[in-house]
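S.K.: Below is one structure. I have some questions about it.
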Amino acid sequence: MQVMMQKIVEGIQDMFPAAMGVEINQDTLLTHIPDWDSMSSVNFKVFLEETFGTQVPDELLEGGRRISEIITFIKA
């Protein structure tokens, strides 16, 4: 899970430059990522699907979700 989390954090920092210096961990809500909006959620979905080779449902990327929920889904 640690490698997966590291890849997600790196992806977030690449897509959201304002997130540099912000602590991102498994409990982080997507809405707490600086500059998170509906368009960025689409970009994040593409990143996750390309990085982890799995289809990610749109509802998993709603703002009230935690990064840990994404990791749990991908691992399943």
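S.K.: Do you know which residues across segment 1-12 are polar (S, T, N, Q) and under 10 Å from the mean Cα position of the chain (by Cα)?
M.R.: none
S.K.: Here's a follow-up. Are there any pairs, at least 6 apart or on different chains, whose C-beta atoms fall under 6 Å, with the first in segment 28-49 and of a type in the set (Gly, Ala, Ser) and the second surrounded by 15 or more Cβ atoms within 10 Å (Cβ to Cβ), and if so, which?
M.R.: Pairs found: Ser41/Leu61.
S.K.: Considering every residue within segment 62-73, establish whether at least one is of a type outside the set (Gly, Ala, Ser) and in contact with a Ser or Thr (Cβ under 7 Å, 6 or more places away or on another chain).
M.R.: Yes, segment 62-73 contains a residue that is of a type outside the set (Gly, Ala, Ser) and in contact with a Ser or Thr (Cβ under 7 Å, 6 or more places away or on another chain).
Let's see how each residue does on (1) among the β-branched types (Val, Ile, Thr); (2) part of a helix (DSSP H, G or I); (3) in contact with a Pro (Cβ under 9 Å, 6 or more places away or on another chain):
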residue: Ile8; (1), (2), (3): yes, yes, no
residue: Asn25; (1), (2), (3): no, no, no
residue: Asp35; (1), (2), (3): no, no, yes
residue: Asn43; (1), (2), (3): no, yes, no
residue: Val46; (1), (2), (3): yes, yes, no
residue: Gln55; (1), (2), (3): no, no, no
residue: Glu59; (1), (2), (3): no, yes, no
residue: Ile70; (1), (2), (3): yes, yes, no
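Rule-based calculations on the coordinates, nothing more; no lab input. Only a predicted model underlies this, so the values are computations on that prediction, with no experimental measurement involved. So basically every Cβ, Gly included, is an ideal-geometry build from the backbone, and we count neighbours across all protein chains shown.
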